[in-house]
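K.L.:
Have a look at this one before I ask anything.
The values are calculated or read from the model by the stated rules, or taken from the named source; none is laboratory data. What you are looking at is a predicted structure, and each value in this text was computed from that prediction instead of being measured. Note: ideal-geometry Cβ built from the backbone for every residue, glycine included; neighbour counts use all protein chains shown.
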């Protein structure tokens, strides 16, 4: 990822609908070539944020730039630079796949629309069905066509709102693999999703939002910040005296035995693990293997949401 | 211009694949063309008219007959009654098309990706409007030409047939017709923004045809005389009304309103 080359910058971006504030003072900086995840529950303001950045809704407060253009002032320029996959594919059912794409090509004043249609329908495995009405397509095919539509004019920034929502596992996988391909091409992609595993796999950084920004970092960093780094010692037999030994070490805490494993929060596993393993072995432990306890992004998310709910109720 | 053209073609491809719309759009013009032709078929060469004198004609209509005798003047009077019937086509047809076009986009959620492209709101509205107005105007003109051709075959006096090409008819068909179509589209845009079923939009829009029906009844009963002056006034009023309605239609058809309130 190239640092300090932001494609999207928001400063205290706010959008209210009457008395309801859907997005509250959101400040972000998304780098060129970054895959950025917007996570949050329903009504957290993810779609409103995307709509503002896609120049569909004007902010009621703060400011934002997309590809160097100011949201609310240079909206037409922004619309030339972005591609949007909305929550619902929004395709014209009576039109064929090719006619759908040709129409959107015309809306983008494209001259090479035929070659682009061929390129993306080929890439997404829809070329052979290009003349068929979209109404006959499966949900997965529709989603792929909607992605092709968003990419047709080669946008600098791609917004994907729930790209795999409602898709079967096979279709979801196809869409995810395609997003990875786009990531490898160096495109800037903003994904709104409820699928945290997907965000973990695809995103360089994620922002957890609930009206306002709750957390923003790389998924791994978020895990570390919230849960620390837990080391798992897999032993032939985990004994209580081994726990007592580990407790003596500075920077080692939250030690517990689970089956034949000892779990411990270790501040700096890279330097401390060799010492801890040696100590355990010298005290009769038979170490089978050692690893880091992998927390899922879902755990981070639930922890953050739990904190929000706690604050709300408190 | 290319974008507007693309929108028009897309609208036609979509709307005319809907059999209900196709039926609604074709049935009314066919009926409205057929009714006067059938009437003319039975009256055009009838000897019954020979006995009619000028005194039998509604007095306010007599000046429109020029030098026609009583029978031919009565025939022309009958022929003229159908002007307002033709005026219903350019109101109803675009309302049907626009209702399905706009409400259809709402229900299938196709407007959001469209609005995310560099197309302007005015281009969308003009494209959708023309996609509804063009078929309406063409069917009105087509119906009128068929009616004129039929009259030529069925009415023995060429003077009566020639009156179908008087300025009165020309203004009514070629000026008032398109103005009525524009009114129909603007009304449909406004109504479509509030409903989620194209049939409901169509039915509510149909209420706005009532003034034309009222004029038709007024004319038939002799309360109103459709002459050149009346048609010119109608065109002037429609022009002002269209400007006002189109302004409100544009106001309603805003990106923000569509995305946040069109539910």
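K.L.:
Out of B:212, B:189, report the one residue that is touching a residue at least 60 places away in the same chain (Cβ under 8 Å), within 30 Å of residue A:53 (Cβ to Cβ), under 18 Å from the mean Cα position of the chain (by Cα) and in a helix (DSSP H, G or I).
P.N.:
It is B:189.
K.L.:
Answer with yes or no whether residue A:68 is surrounded by fewer than 23 Cβ atoms within 10 Å (Cβ to Cβ) and farther than 15 Å from residue B:255 by Cα.
P.N.:
Yes; evaluated as a whole, the condition is true for this residue.
Condition check ((1) in contact with a helix residue (DSSP H, G or I) (Cβ under 9 Å, 6 or more places away or on another chain); (2) part of a loop (DSSP other than H, G, I, E, B); (3) touching a residue at least 40 places away in the same chain (Cβ under 8 Å)) across all residues:
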| site | (1), (2), (3) |
| --- | --- |
| A:149 | yes, no, yes |
| A:153 | yes, yes, yes |
| A:171 | yes, no, no |
| A:192 | yes, no, yes |
| A:198 | yes, no, no |
| A:206 | yes, no, yes |
| A:209 | yes, no, yes |
| A:215 | yes, no, yes |
| A:231 | yes, no, yes |
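K.L.:
Quick one: would you say residue B:50 is more than 14 Å from chain A (Cβ to nearest Cβ) and touching a helix residue (DSSP H, G or I) at 6+ places or on another chain (Cβ under 6 Å)?
P.N.:
Against the criterion (more than 14 Å from chain A (Cβ to nearest Cβ) and touching a helix residue (DSSP H, G or I) at 6+ places or on another chain (Cβ under 6 Å)), residue B:50 qualifies.
K.L.:
Another question, then. Going by the conditions given, is residue B:194 without any contact (Cβ under 8 Å) to a residue 40 or more places away in the chain, within 30 Å of residue A:88 (Cα to Cα) and away from every other protein chain (no Cβ under 14 Å)?
P.N.:
Taking the combined requirement at face value, the residue satisfies it.
K.L.:
Go through (1) more than 14 Å from chain B (Cβ to nearest Cβ); (2) in contact with a helix residue (DSSP H, G or I) (Cβ under 7 Å, 6 or more places away or on another chain); (3) touching a residue at least 60 places away in the same chain (Cβ under 8 Å); (4) farther than 14 Å from residue A:87 by Cα and name the single condition residue A:187 misses.
P.N.:
(2)
K.L.:
Any residue that is surrounded by fewer than 21 Cβ atoms within 10 Å (Cβ to Cβ), under 30 Å from residue B:209 (Cβ atoms) and within 14 Å of chain A (Cβ to nearest Cβ) - is there at least one of those in the stretch B:20-29?
P.N.:
yes
K.L.:
Could you check the stretch A:50-123 for helices (runs of 4 or more DSSP H) lying wholly inside it with 2 or more residues that are at the interface with chain B (Cβ under 8 Å from one of its Cβ atoms) and under 25 Å from residue B:12 (Cβ atoms)? Reasoning before the result, please.
P.N.:
Values: elements: A:75-81, A:97-107, A:113-123.
Where helices (runs of 4 or more DSSP H) fall fully within the stretch A:50-123 and carry at least 2 residues being at the interface with chain B (Cβ under 8 Å from one of its Cβ atoms) and under 25 Å from residue B:12 (Cβ atoms), they are A:97-107.
K.L.:
Moving on to the next point. Scan the stretch B:172-180 and give yes if some residue there is free of Cβ contacts under 8 Å to residues at least 24 places away in the same chain, surrounded by 14 or more Cβ atoms within 10 Å (Cβ to Cβ) and under 23 Å from residue B:130 (Cα atoms), otherwise no. Spell out how you get there, then give the answer.
P.N.:
First, the residues of the stretch B:172-180 that are free of Cβ contacts under 8 Å to residues at least 24 places away in the same chain: none.
Within the stretch B:172-180 (the criterion being free of Cβ contacts under 8 Å to residues at least 24 places away in the same chain, surrounded by 14 or more Cβ atoms within 10 Å (Cβ to Cβ) and under 23 Å from residue B:130 (Cα atoms)), the answer is no, since none of the residues qualifies.
K.L.:
Another question, then. Tell me, which helices (runs of 4 or more DSSP H) lie completely within the stretch B:1-105 with 1 or more residues that are modelled with pLDDT under 85, within 24 Å of the chain's Cα centre (by Cα) and farther than 27 Å from residue A:93 by Cα? Before the answer, list the steps.
P.N.:
Details: elements: B:2-15, B:19-43, B:70-81.
Those helices (runs of 4 or more DSSP H) span B:19-43, B:70-81.
K.L.:
To continue, here is another question. State yes or no: is residue B:119 within 14 Å of another protein chain (Cβ to nearest Cβ) and either surrounded by fewer than 19 Cβ atoms within 10 Å (Cβ to Cβ) or not in a helix (DSSP H, G or I) (or both)?
P.N.:
So residue B:119 passes the test.
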